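Below is one structure, written out as structure tokens; the observations come after it.
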Amino acid sequence: MPATQRPYVINGITYYPIPSATGYVERGIASWYGKPFHGRKTSNGETYNMHADTAAHKTLPMNTMLLVKNLENGRSTTVRINDRGPFVQERIIDLSYNKAQELGVIGRGTARVEIVALGAQQVEEQPLVAAKTGSRTGEEVSRPKPKIKPPPIPDFDKGNFYVQVGAFVQVENARTLAKAFARRGRDVIIQQYPAAGMNLYRVMIFASTSLKQAKVYEQGLKNEGFRYALLLAR
């Protein structure tokens, strides 16, 4: 397992990097980081360049390409994950200065965004080397070989989209919620997955084959009281 995929602890919280970014969609607060970290090592061993097209995320695999949309002004851009962070409540991504400027985040410092995984750059990691000072997590790092062109951007409005409405330790609780949606005539999936050192059962409701329509359904569920409803692609 690459060092950047191992669990790590920041301020007493353990973070578990996920093995794949396929279908990953998330909304939250974006921030940015610049001069204090410019020239230091990132979590994957690269030298941080505040003018590059990169960003930090707590759990996505390194070299994941993300589409980032500023929900406050409609601007969009793409970034590559090469660092860990931000470790501030509700913030989901730390942009380079260059990308924050592109999205209009510099002035206020933060903005509400949506991030969607596009794929991963084909970058092979060399054998692990000793941990480097300057990494924001203290993780062991590896130096990537020269980058290859990123994958083409797919058509995001087409696919099989689900909304996660709950995650439970007890499968019986997941089944109870699933039955409630089945009675509404919805297609429901209960998926077991590891998280935070335990097995959870998440309940996912089929939303649509259109991302636009799936977002409408997701918002409708939030309006019903499912405040943590999360849109996923399968």
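The values are calculated or read from the model by the stated rules, or taken from the named source; none is laboratory data. Predicted model, so just to flag it, every value in this text is computed and none were measured. All Cβ positions, even for glycine, are placed from backbone atoms using ideal geometry, and neighbour counts span all protein chains on display. Each accessible area value is taken on the protein alone, full model and side chains, heavy atoms only, with ligands, DNA and RNA left out. Shrake-Rupley method; radii C 1.70, N 1.55, O 1.52, S 1.80 Å.
Scoring THR77 on the criteria (1) touching a helix residue (DSSP H, G or I) at 6+ places or on another chain (Cβ under 6 Å); (2) open to solvent by 30 Å² or more (accessible area, probe 1.4 Å); (3) modelled with pLDDT of 70 or more leaves a single failure, condition (2).
Within the range 29-55, can you find the residues that are open to solvent by less than 20 Å² (accessible area, probe 1.4 Å), more than 12 Å from ASN98 (Cβ to Cβ) and not in a strand (DSSP E or B)?
THR42, SER43, ASN44, GLY45, listed by residue number.
Among the residues of the range 215-229, which ones are open to solvent by 60 Å² or more (accessible area, probe 1.4 Å) and either in contact with a strand residue (DSSP E or B) (Cβ under 7 Å, 6 or more places away or on another chain) or among the β-branched types (Val, Ile, Thr) (or both)? Residue satisfying the conditions is VAL216 alone. When each of LYS212, LYS179, LYS147, LYS158 is tested for being open to solvent by 60 Å² or more (accessible area, probe 1.4 Å), of a type outside the set (S, T, N, Q) and at pLDDT 90 or above, the lone residue that passes is LYS179.
Of the residues GLU72, GLU26, the single one that is within 24 Å of VAL163 (Cα to Cα), within 18 Å of the chain's Cα centre (by Cα) and surrounded by fewer than 21 Cβ atoms within 10 Å (Cβ to Cβ) is GLU26. Conditions: (1) crowded, with 21+ Cβ neighbours inside 10 Å; (2) out of contact with any helix residue (DSSP H, G or I) (no Cβ under 7 Å at 6 or more places or on another chain); (3) under 20 Å from VAL113 (Cα atoms). THR4 meets all but one. Number of the miss? Among (1) crowded, with 21+ Cβ neighbours inside 10 Å; (2) out of contact with any helix residue (DSSP H, G or I) (no Cβ under 7 Å at 6 or more places or on another chain); (3) under 20 Å from VAL113 (Cα atoms), the lone unmet condition for THR4 is (3).
Listed here are the residues, each with its yes/no results for (1) modelled with pLDDT of 95 or more; (2) among the β-branched types (Val, Ile, Thr); (3) in contact with a strand residue (DSSP E or B) (Cβ under 6 Å, 6 or more places away or on another chain).
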| position | (1), (2), (3) |
| --- | --- |
| TYR8 | no, no, yes |
| TYR16 | no, no, no |
| SER20 | no, no, no |
| TRP32 | yes, no, yes |
